[in-house]
Structure formats: C-alpha cells, structure tokens
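Working notes, beginning with the structure itself.
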Amino acid sequence: MAKSKDATAPGSKSAPKSGKPSASQAPPVTRPAGGETHQTAAAPDDRITTNHGVPVSDNQNSLKAGARGPSLLEDFVLREKIQHFDHERIPERIVHARGSAAHGYFELTKSLARYTRAKILTEVGRRTELFARFSTVAGGAGSVDTPRDVRGFAVKMYTREGNWDLVGNNIPVFFIQDAIKFPDLIHAVKMEADKGYPQAASAHDTFWDFIGLMPEATHMIMWAMSDRAIPRSLRMMEGFGVNTFRLLNDKDEAVFVKFHWRPKLGTQSTGWDEAVKIAGADPDYHRRDLFEAIEAGNFPEWEFGVQLFTQEEADALPFDILDATKLIPEEVAPIRVVGRMVLDRNPDNFFAETEQAAFLPTNIVPGIDFSEDPLLQGRLFSYQDTQLSRLGSVNFHQLPINQAKGCPFQNFQRDGHMQMAVPKGRANYEPNSLADNGEEGGPREDPKGGFRTAPVPLEGEKVRLRAETFADHYSQARLFFRSQTPIEQAHLASALVFELSKVAIEAVRLRILANLQNVDTDLATRVATGLGMDLPAKSAPAVEPQDLDLSPALRIVGKYPDSLMGRKVAILVTDGADGAVVTAVKKAAEAEGAAVLIIAPKVGGATLKGGKLLKADGQLAGNPSVLFDAVALVVSDDGCVQLMKDSAGIDFVHNAFVHLKAIGFTPEAQPLLDKCGVEPDAGIVDLSGGADGFIAPAKTRQWDREPKVRMLA
Ligand code: HDE
C-alpha cells in the first residue's frame, strides 16, 4: 500500500513504481520528494562535506528505506548534522549574557613610562589589536537591549606581552564591597526564582528587598537610577575599570590607577518612556546601532584615560580606594588622557567571537597589578572559573578570539579537553636539561621581563571583617545626586518612583525611603510623594554622611557634543510632499554627520509633488520616532489627513514630542501637530524658513519641554 503511494507521490518524478528496484530498474532516486532542488552541482572546493571531510551528495533528503520509509541509522550525514545542531548552544554567561562586540585597536598617545613598564602603556603610536564587548547585566542572552541596567564594558587587548582584559562597566562604582555578596546580588536582580520573571528588569520585589538591606549599594543605586543606565548607544557610553589597580615601573615602584574610557560622541542617554518603547520597536537597538555604524565606516572611538594617585594621596581621601562603591572625583584626581580605542571591524561570526570571548580580570600584563579591593580579589577567581562551565574546557584560551595574538604563548601545560595544539618533543616539565642532550628543552622563566607582583607589605590576623574605612555608605551617593543638574535629579527621583511602584511589599518601599533620607531629604521626600506614601523615620547610618565638594563632571545634561555625529534623523514623507524640502533637510543634517532615513507610509516610497518617486528607507509602522534622535515631517495636505487617521503616524509625532526631540515640519503638517498636542517651542521648527533652524535643536533634547509632557518626581 505504502509502496504504491510512493510511486505516485507528487514531485517524485523519477521514483520507481515499486520500492524494490528490479535488476533492470535504476536504483530509487532520493532527490527532493515535493520539489526540485535549486542547487547546481558544486565545484570540488565549494562542496559541502561532513565534519570529517566526506563530500555530501544530498543535503535535502535523509537516507530512508524507500522514499516513504523510515530513516536509516547508518545515515551518518544526517546523524552528524542533527547531533551537532543539538549541541549548538553553550551555557550563556551567568551575568552579562546579552552583549554585542566589535574588533578594533588601542593606540597610545602619551607614554606612562614613569609609572609602568607595560609596553602597551609606554610605546606611543603603537596600535594594539583589541576586542570590545558591551553588555547588559541582568537579562538573558535573548533579552532586549534597552532595559534600565548597568552596561558591561569589557576590552580584551592583545598586547605584545599577553592579553590585557580591562573588564569594566559604564558606571564607575559597584553595588557591593565584597565578592562574597555577588551571588546574592545577582540572584536578587535576576528573574524571581519561583516566577521566572521579570526578565532584564530591576523593578521588582527581590532586587529592592536586597538593596534596602544593603546600604552600601546606595551610591550605585543613584547611578543605576540615573539616565546613565538607559544609554542612547553603546557608542555613547563611558567605560570604567571600577576597581583600583596598580601600575608598576621598572624599579617596581607602584602607583594606584583607575582606568577610564570616554566616548568621542559624548555620553548620551534615552528617556525612560523612550527606552521602554524602543524595547518593543527594536529589541536589538544597540546591537544594530553598533553594527551599522561600523559597517558604514563611522568607527566608534573612546579616549583612554587614567587617574593616578600615590598611597599618601589615597590615605588623604575621605574614603578607601579599595572600596568599589566609591569613586575619585575627576576634580580631585584629574583624568589624564593617554590613548584611544577605535572599533573598526564587526565580528564575522557572533558565536565564535562575541559568545566565546572569555574576559578575565586575571589577564594582566607586566607593569600592571591588582589592588587588595575585596571585590576585585573575588573577581580574580570567578571569571576563569565560569569559563570552565561556559566553554567547557581548560583550553578555552586556544579559541581564536581568546588567543594571545600579540605574542607567542608557551608553557608546559598539556592535554585536557579539546586540546588544539600539537606540542612536539618530550619536554613537558621544567626544569629540564634536555637541551644539553640536543633536544628541544622548552621555554624558561624570565625574572626580569616576566609579570611581577607589587611588593606590597601586608600583615594582619585572619579575619572576616570589613574595614572601618568602608563604613560610609551615603556620602558619595549624596555627592552624585547633588552634583546632577535639576533635570537629571528629576529623572533619578522619577526612576526610583517607577521602580519602587513595581515593588509589591510595602515594607521594602519603606525601608528604601528610610535609607534615602541619608542621601538627601529632598530626594526622599520627592520619591515618597511620587509613591503616595508618608516618609518613614530615617534609618541610622553606620557612619554619618558628609557633604563632599560637588563634582559637575558627573553630569551628562549640558555636555552633548555640538554635532549630529552618531545621531539618526528621520524624514517622514507622504505622497505629494515637497522634494526640495526633503533634500534641504537631508543635506543639512548629513553635513553635521547625521544618518538620515526617509520614512514613508509605504515601503516603496512616496510620489513627490511633481510626480517623482522618492524611495523610502523604511515604512512608518516599523520605524517609529523612538528609533531616531530628531524627525522632520515633510507632508502634503492629503498626506497629513492620512497620517491623522493612522495611529503609527500619530504616535510618530506624539512620541517625538514627549521624548523631547526636535520636530521640523512643513506647514501642511500643522493639523497633525495640533492633533498630537505639539506645542511650539525652540525644538518645533517650521521648515518653510529653510532647514538650518532644525539642526541646532536636533543636536540635543528639549529639556525645557519636559515639565509640559511628564509628571516628574
Ligand atoms: Fe563580573 N562577571 N563579576 N563584574 N563582569 C562576569 O564572567 C563577577 C563585576 C563584568 O563581556 C562573569 O565571563 C563577580 C564588576 C563584565 O563577557 C562572572 C563579581 C564589574 C562582564 C563574573 C563581579 C564586572 C562580567 C560572567 C563580584 C565591573 C562581562 C561571565 C566580585 C568592573 C564580560 C563571565 C563579557 C562577567 C563575576 C563584579 C564587569 C560570573 C564574582 C565590579 C563587563 O565570572
């Protein structure tokens, strides 16, 4: 029965009448049952092979007992392919799972030879290859790019003396002072253990429960609730080494150092409502932005800077430099810019490079050294350890992305899972005298050029203690809050209101309010008012906070660069629009470095006044204004009427307005502006006077508009 059906199956043109070929019949043909293959025969170099090199004749059909029969176990082509697929995934990173990366180079512009013997910091002009990965912390690998979260900022530099990984964040301080609290912090912020949600969000009970009981996190919370935690682009984030490190010169003299990356495009952020909407419109917003910028030749660039200070200077500070919940204000220890990083090449393969990249704070080079920061000390164990379960082998350093490319690496470590190297000879131990016997003896120690640890004098009893100098949890939180501009303070207070409003346990909200009063009474009052709660009694701090000198360097607002570089402008065009205005806006915006996209109700484009077709770069519903930094509405009367009937058109204009963006418009768009509640201000620009007036407001946000469109705490 089955066999006779086989013979008549549609598309099985050459299938025999019976599954059993007679001596005179050709063997059953297993070409596609249901369609033709679209492939032509491959030349020997192009042909698909198995992992063991056997050429594959048919990649469309598995081997069966008859055209409709069961598959055969002997089909090693099928088995190998399916088995490899079954194991394609590796465990995602326990934190920082969602990330995007690029290749580039580091270039030293000023030598630090007085302080360090690290070649990468002393050879001016030399370019060192690097790989940088940016990440969110809390969400899984498939989560969105724009949650409120800390961003990882990890840079692997393939120096001539080994890999130097500077594994930092876009925030210069951290939640906790001791590594032993890290698993608790991460458990608290990640999806709640019973529910499996929320994904990539700190706005939930367990996170704030932990924070309320951990006053040392308060400074970091100020940063995490600031606009820094909702960056506009990975290209517009500062990076910080966070922990204190040491530089060590030829004489083994040490200075302390904090590392900084400063983006050429300035530090820029989205708004919270905007970030939420971007998450829906383009979950890959940051990944796409980084990839497309590099693809277009707009290579992201950062200045590399150091804050250097001696032990005496450290001792004079009102906090402990080993405490990662503290920063050193730039006004106290200026940042010396000594180099730059440029990202100029996208990964060829996401998995092989971005996913398999293993960043290790223990990847350090001669001339740089750790400090005793108890958070850093824990990190020195964790990263190497986590790679063993993530990448599954002690040989993960042999993966191309992790290899020390700037220099050879050789030692007597041998074998292990997935060993790729084929060492020759019998010298697999040291010391050996095999060279005296005419054999290869292998590498030797280099007491002078090798990595040396700073000879830091240490003494003390074995204790589980936190130093008294770590006890002040609020002074720097206050410093951060009070150093912000009023608009940034309002955003920070509003973020706290938003997050705490998602906390169901009232006692947790009260505890946070009690703690916040140690930061700033005005802040605590605003948050309490926003929550509609009475302010509880202030909690007792371990150490009474002090008023430190403010640090304007900690602000973002007011420091956007005077340029459209890295920014995106949309021109929303309808049928009948004036092509001359489109051209003028495009030209003016591109002249300032913007990427300009034509958005139209139909992806095919719009027929302009005069009958010419203007091709669109994107369709309106798929390209809401949240994806752009500024928008221009170049429409006809009819086009305006159509847009007013379309929620995508209304949202486009309304959101641009409430997200404080510049809106250029032709007079025909006035009814749409009115319908969307757009009120005139410096950012609402009539384009009939020319495109130039649109450019200045497109470079920034219209902060003055915010009180009109949003209730801020
Ligand atoms: Fe990490 N962290 N971390 N971290 N971290 C990891 O290592 C850890 C901390 C940071 O793009 C893990 O390879 C501990 C501070 C970045 O691949 C893990 C502690 C800072 C990345 C780990 C910290 C960071 C990680 C997970 C407290 C800023 C992503 C996967 C003692 C200076 C790197 C992995 C990438 C990743 C442990 C705290 C930055 C589990 C125990 C502070 C940017 O090993």
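The values are calculated or read from the model by the stated rules, or taken from the named source; none is laboratory data. Remember, predicted model here, so these are calculated numbers, not experimental data. So basically every Cβ, Gly included, is an ideal-geometry build from the backbone, and we count neighbours across all protein chains shown. Keep in mind that these areas ignore ligands, DNA and RNA; they rest on the heavy atoms of the full protein, side chains included. Shrake-Rupley method; radii C 1.70, N 1.55, O 1.52, S 1.80 Å.
Okay, here's what the table says:
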| read-out | value |
| --- | --- |
| Sequence-separation-based contact order of the range 469-576, relative, with Cα cut under 8 Å and 6+ spacing, percent | 40 |
| Label-point separation, S688 to K424 (7 Å along Cα→Cβ), nm | 8.2 |
| Cα-based equivalent ellipsoid of the range 568-709: semi-axis lengths in Å, sorted from largest, via gyration tensor | 21, 17, 14 |
| Relative contact order of the chain, pairs being alpha-carbon contacts under 8 Å that are 6 or more residues apart, as % | 11 |
| Cα-based shape type of the range 633-707, given that a ≥ b ≥ c are square roots of the gyration tensor eigenvalues and the cut on a/c is 1.5 | oblate |
| Area accessible to solvent at K568, 1.4 Å probe radius, in Å² | 50 |
| Amide H contacts of R345 (H built 1.01 Å from N, under 5 Å, at least 5 apart or other chain) | H103 |
| Partner lysines for K110 [C-alpha distance under 17 Å; skip if fewer than 8 residues away on the same chain] | K119, K258 |
| Share antiparallel - DSSP beta bridges, the chain, percent rounded to 5 | 75 |
| Probe 1.4 Å - accessible area at V332, Å² to nearest ten | 90 |
| Mean Cα-pair separation over length for the range 568-709, i.e. relative contact order, pairs under 8 Å, 6 or more apart, % | 24 |
| In sequence order, calculated HN-Hα J values of the range 418-427 (Karplus, 6.51, -1.76, 1.60; Hz; x Gly/Pro) | 6, 5, 9, 7, 10, x, 9, x, 10, 7 |
| Unsatisfied cross-links (Cα-Cα over 25 Å) in the set K81/K156; K586/K609; K264/K586 | K81/K156 |
| Loop chymotrypsin sites (Phe, Trp or Tyr not before Pro), the range 449-498 (other Cβ atoms within 10 Å of the site Cβ: 16 or fewer; DSSP) | F451 |
| Karplus-derived HN-Hα couplings along the range 184-198 (A = 6.51, B = -1.76, C = 1.60, θ = phi - 60°), whole Hz, x at Gly and Pro | 5, 4, 6, 4, 5, 7, 6, 3, 5, 4, 7, 8, x, 8, x |
| Distant-in-sequence amide H partners of E330 (H built 1.01 Å from N, under 5 Å) | none |
| Listed peptides 697-703, 62-68 by packing density, highest first (mean Cβ within 10 Å) | 697-703, 62-68 |
| Coordinate range along principal axes, alpha carbons of the range 410-470, Å, largest first | 59, 31, 19 |
| Probe 1.4 Å, accessible area per residue of the chain, Å² | 47 |
| Zone residues, the range 50-68, relative to F76, backbone N less than 16 Å from point 7 Å out along Cα-to-Cβ | 50-58, 63 |
| Whole-angstrom gap from the range 378-442 to the range 256-281, using each part's C-alpha centre | 38 |
| Placed amide H near A200: partners under 5 Å, 5+ positions off or other chain | G139, G140, M191 |
| Computed over the chain, Kirkwood Rh from alpha-carbon pairs, angstrom | 29.3 |
| The range 436-487: radius of gyration and largest Cα-Cα distance (Dmax), Å | 25.0, 76 |
| Dipole magnitude of the chain about its Cα centre (Cβ charges: Lys, Arg +1; Asp, Glu -1), debye to nearest 20 | 2060 |
| Apportionment of accessible area to carbon and sulfur, the chain, percent (1.4 Å) | 55 |
| Backbone HN-Hα couplings from phi across the range 514-522 [Karplus 6.51/-1.76/1.60, Hz, Gly and Pro as x] | 5, 6, 4, 5, 6, 7, 6, 5, 4 |
